[in-house]
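One structure below.
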Amino acid sequence: MTAQQPNPGFVSLRAVSKKFEDVVAVNQLDLDIREGEFFSMLGPSGSGKTTVLRMIAGFESVTSGSISIQGDDVSSLAPFERPVNTVFQDYALFPHMTIVENVEYGLRNRGVAKDERRKLALEAIERVQLSHVAEKNPHQLSGGQRQRIALARALVLRPKVLLLDEPLGALDKQLREKMQVELKAIQRDAGITFVFVTHDQEEAMSMSDRIAVFNQGQIEQLGTPHEVYESPSTSFVAGFLGVSNLLSGDTARELVGNDALVNIRPERIQLHAEGHRPAKDARAVTATVTEVTYTGPNTNYAVTTSSGARLVSTQLNNQPPGEDVLFTVGEKVVATWNNDHVAAIPEKQRSEKAAKGAS
Ligand code: ADP
Ligand code: MG
């Protein structure tokens, strides 16, 4: 049997697995979430994020392993006995209650006196900047406002940990981006540990102190947004977080000088007109433009080298309007980059861990 291990995390998972009949949703997961951090679980659909969140909340039991919060094993506690609260994607406000009554509801269940719970609810509503709708009914609010009220309803209970499962998923892009900034500010202000589930890499990058990248019920990599983006430990992580140029074998030998698996981000590759003489420390290859996508701030290119390697490159459109040098399909260009900007991908880590999990 495994020996008793220390719990360096505020929320700690030790060798947690979850099986649904023959589906292994979560496989031997070890995870330590720190007090007060904005922690995100990021990964494709079906990678086990929601299952982990539901096991922390207590809505789902663990098949094996243990979960502790502040050092206390909560694995066998009911959801209401755990110092956590959950905000779901569908806000589920009570339609026949006013906003302030909705926010008060959990306090009423806890037996908080009437005046006190009204005061706390109004404070929570103020925190999400919606004091002016306190007496309205849920159907009179926009989607973004309902989302913030769902957040206020969870915050008013002062959980040690707030669990959020794709809470912005139903909002349109503009509102979602606004809410990302607000949610991060509320978390910082309230000092509560947030565990946030999303499949949207930009969302995770922009809000999180640390991100766990999930793949097939395991954590592929855990690190700051900068670490997982700039130094992905596997090709899966490199590909899931943004666009990448993954090179290996002969292509890597030709372009980078050795045949290890490496990644170059598209913004690290510059394109120049044919005949350009690269700086002394730059790598350069002649290529033909095969795709051009103008996005406003950037233009994205795909180019193909004479040996058939495909590279993608993002150019910032920072020249005076009309003077942006836009290459066209079929044009010959020189692609350059600095080898210091090439990230080696160790890759091994994942297969070793997967092998361990399977044994
Ligand atoms: P994610 O949130 O990353 O999309 P989930 O945790 O929802 O992933 O699901 C992980 C895996 O577990 C998937 O294969 C999913 O089909 C399966 N799964 C999740 N919940 C159940 C359930 N209640 N019964 C059976 N299979 C489930
Ligand atoms: Mg999910």
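The conditions of being open to solvent by less than 70 Å² (accessible area, probe 1.4 Å), modelled with pLDDT under 95, β-branched (Val, Ile, Thr) and not in a strand (DSSP E or B) are not met by residue 299.
Considering only the range 36-58, I want to know if a residue exists there that is over 21 Å from residue 210 (Cα atoms), in contact with a strand residue (DSSP E or B) (Cβ under 8 Å, 6 or more places away or on another chain) and within 16 Å of ligand 1 (Cβ to nearest atom). Within the range 36-58, one or more residues are over 21 Å from residue 210 (Cα atoms), in contact with a strand residue (DSSP E or B) (Cβ under 8 Å, 6 or more places away or on another chain) and within 16 Å of ligand 1 (Cβ to nearest atom). Would you point out the residue of the range 31-48, among those that are open to solvent by less than 10 Å² (accessible area, probe 1.4 Å) and of a type in the set (S, T, N, Q), that is farthest from ligand 2 (Cβ to nearest atom)? Across the range 31-48, the extreme among qualifying residues is 40.
Here is the figure for the range 102-126: residues that are among the charged types (D, E, K, R) and crowded, with 18+ Cβ neighbours inside 10 Å total 2. Restricting attention to the range 252-296, the residues being part of a loop (DSSP other than H, G, I, E, B), over 26 Å from the mean Cα position of the chain (by Cα) and of a type outside the set (Val, Ile, Thr) number 12.
So which residues in the range 157-200 are within 16 Å of ligand 1 (Cβ to nearest atom), open to solvent by 10 Å² or more (accessible area, probe 1.4 Å), at pLDDT below 90 and within 16 Å of the chain's Cα centre (by Cα)? Spell out the reasoning first.
Filtering the range 157-200 for residues within 16 Å of ligand 1 (Cβ to nearest atom) gives 163-170, 195-200.
Of the ones still in play, those that are also open to solvent by 10 Å² or more (accessible area, probe 1.4 Å) are 165-166, 169-170, 199-200.
Filter again for at pLDDT below 90, leaving 169-170.
Correct list: 169 only.
Of all residues in the range 49-64, those satisfying the criterion of being open to solvent by 40 Å² or more (accessible area, probe 1.4 Å), more than 13 Å from ligand 2 (Cβ to nearest atom) and in contact with a Ser or Thr (Cβ under 7 Å, 6 or more places away or on another chain) are 63, 64. Annotation: of all residues in the range 201-219 being within 14 Å of ligand 1 (Cβ to nearest atom), within 13 Å of the chain's Cα centre (by Cα) and of a type outside the set (A, V, I, L, M), the one that is surrounded by the most Cβ atoms within 10 Å (Cβ to Cβ) is 214. In this entry, residue 177 passes the filter for residues that are under 26 Å from residue 139 (Cβ atoms) and part of a helix (DSSP H, G or I).
Based on what the data block shows, is residue 243 within 16 Å of ligand 1 (Cβ to nearest atom) and not in a helix (DSSP H, G or I)? No: the conditions fail for residue 243.
The values are calculated or read from the model by the stated rules, or taken from the named source; none is laboratory data. Everything numeric here is computed off the predicted structure, so don't read it as measured data. Please note: Cβ atoms are built from the backbone with ideal geometry, for glycine as well, and neighbour counts cover all protein chains shown. Side chains are part of the model used for accessible areas, which takes the heavy atoms of the whole protein and leaves out ligands, DNA and RNA. Shrake-Rupley method; radii C 1.70, N 1.55, O 1.52, S 1.80 Å.
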